[in-house]
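The structure under discussion appears below in the form of structure tokens.
The values are calculated or read from the model by the stated rules, or taken from the named source; none is laboratory data. No experiment lies behind these values; they were computed from the predicted model shown. Backbone-built Cβ (ideal geometry, glycine too); neighbour counts: all protein chains shown.
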Amino acid sequence: MSMTFTLPPRVTARAFARLSEIAVLTGEKRALRVAVDGGGCSGFQYDIKLDAAASGDLVIEQDGMQVLVDEISLPFLQNAVIDFTEELIGARFVIENPNATSSCGCGTSFSL
């Protein structure tokens with residue numbers, strides 16, 4: 001699959017605020033890594049975790065908090081919005097991805 005890179009993902013203020021809260025709670029400032037892996041019930045799945053920056057990462061920074069996207073995942077996340085939501089079923093980081101043609105109920109699996 002060939003994709004042309006246009007715009008990097010955007011991170012909401014709410015997502016950066018949650019990263020800041022995590023840093024205060026843990027006493028450790030770590031970046032949020034958002035990656036796309038093959039697999040999941042729809043073909044691709046998001047891998048979201050706290051991590052350190054690596055060579056080649058896109059680093060999106062605000063108020064000292066960072067969100068990282070590796071070079072391989074970047075085309076799959078072009079124009080996406082990385083957000084944080086709190087619902088009755090729990091709180092989590094979410095991806096609103098305009099490139100996804102469908103997704104499953106888990107919210108972490110999608111297809112292109």
From (1) more than 15 Å from Ser73 (Cα to Cα); (2) outside any helix (DSSP H, G or I); (3) at pLDDT 95 or above, pick out the condition that doesn't hold for Lys29.
(3)
Hey, any hits in segment 62-74 for a residue that's outside any loop (DSSP other than H, G, I, E, B), under 14 Å from the mean Cα position of the chain (by Cα) and modelled with pLDDT under 95?
yes
Residues of segment 40-63 being in contact (Cβ under 8 Å) with a residue 40 or more places away in the chain and not hydrophobic (A, V, I, L, M, F, W, C), in sequence order, are Gly40, Ser42, Gly43, Gln45, Tyr46, Gln62, Asp63
Run Ser103 past the list (1) at pLDDT below 95; (2) within 19 Å of Thr12 (Cα to Cα) and report the number of the one that doesn't hold.
(2)
